[in-house]
1. With springs connecting C-alpha atoms under 10 Å apart, model the chain as a Gaussian network and identify which of His73, His132, His156 has the largest mean-square fluctuation.
2. Toward the positive end of the charge dipole of region 1-155, about the Cα centre and with charges on Cβ (Lys, Arg +1; Asp, Glu -1), which of Thr39, Ile56, Ile85 goes farthest?
3. What is the set of long-range amide H partners of Ala5 at a cut-off below 5 Å, with H atoms built 1.01 Å from backbone N?
4. Where in region 13-55 are there GluC sites (Glu not before Pro) that are in a DSSP coil and have at most 12 other Cβ atoms within 10 angstrom of their Cβ?
5. Under the Karplus relation 6.51 cos²θ - 1.76 cosθ + 1.60, θ = phi - 60°, what is the ordered set of whole-Hz ³J(HN,Hα) values for region 76-92, x standing for Gly and Pro?
6. If you filter region 49-120 for GluC sites (Glu not before Pro), then keep DSSP loop positions with at most 14 other Cβ within 10 Å, what is left?
7. Each residue of region 22-35 in order: what ³J(HN,Hα) in whole Hz does its phi give by Karplus 6.51 cos²θ - 1.76 cosθ + 1.60, θ = phi - 60°, with x for Gly and Pro?
8. Counting Lys and Arg as +1 and Asp and Glu as -1, each charge on the Cβ, what is the dipole of the chain about the Cα centre in debye, to the nearest 20?
Amino acid sequence: MTKQAIIFGSIGTIVETSEMQRQAFNRAFAEAELDWEWTRDIYAQMLKQSGGRQRISDYADKVGGEVSAKALHDRKTEIFGEMMIADGLAPRPGVLPLIRFAKDNGIKIGFATSTSRNNIEAVFGALNGALHRSTFDFVGDNETVTATKPDPEIYHRTMIALGVSAARSLAIEDTAVSMQAALTAGIDCVGFPGAYGDASEMDGAIRIVDSVEPSKLPFLCEE
């Protein structure tokens, strides 16, 4: 069935930021004089749950600390934004060709993220013109929804905004927990794991790819 919308589900489907985000968390912890350090292995486990603030809260419960998860996450977001602007970002493999394909074929493009607006603006700023917010027909954020992934709310809101059905939509997600939101909404999902993603956990994906260039997704225009 020909797709009418391609929905990028997370920042990580557009740019690779996992290591930068891990470092931003650790810098925020150090500034708060917390004896916390999220190693790569720890952070890989953290990514199995959606929502940075919730990860902080859960970790505090685990290690027995009392912190303001919101304040810590807000500071992490600031640090992350500064790092992105300083270092710059590039789109992940195939993202730009897929967007060009969508534009050429009248396919709408959504961004079903529920991260903060500041994070989203920082990402587009760090892309240095390679990709613009205006490229997307809809961009979600944490003020768009009341529940974070794996709850499917952001996907339902994205489809309403785009005026498309689940059957006519294709989601792209980089983690198993975020992919569950798309699947629960009834949307076919392509797994596009990033540096910290685990393809073996992405059960239910119609395909798992290392690039989203159109040639990797021939079913986009199947009748």
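1. Comparing His73, His132, His156 in a Gaussian network model of the chain, the most mobile one is His132.
2. The Cα lying farthest towards the positive end belongs to Ile85.
3. Lys108, Leu170
4. On the way: sites: Glu16, Glu19, Glu31, Glu33, Glu37; in loops: Glu16, Glu33, Glu37.
Loop-located and lightly packed - Glu33, Glu37.
5. Whole-Hz 3J(HN,Hα) from phi for region 76-92: 4, 4, 4, 5, 4, x, 5, 5, 5, 5, 5, 9, x, 9, 10, x, 5.
6. Values: sites: Glu66, Glu78, Glu82; in loops: Glu66.
Counting only loop positions with at most 14 other Cβ atoms within 10 Å, the GluC sites (Glu not before Pro) in region 49-120 are Glu66.
7. Couplings: 4, 5, 5, 4, 5, 5, 5, 5, 5, 4, 7, 6, 9, 8 Hz.
8. Values: 22 positive and 31 negative charges, 115 e Å.
Here the size comes out at about 560 debye.
The values are calculated or read from the model by the stated rules, or taken from the named source; none is laboratory data. Here the structure is a predicted model, which means the values were calculated and not measured. No Cβ is skipped: glycine too gets one built from the backbone with ideal geometry, and neighbour counts run over all protein chains shown. Just so you know, the surface numbers come from the protein's heavy atoms only, side chains and all, with ligands and any DNA or RNA stripped out. Shrake-Rupley method; radii C 1.70, N 1.55, O 1.52, S 1.80 Å.
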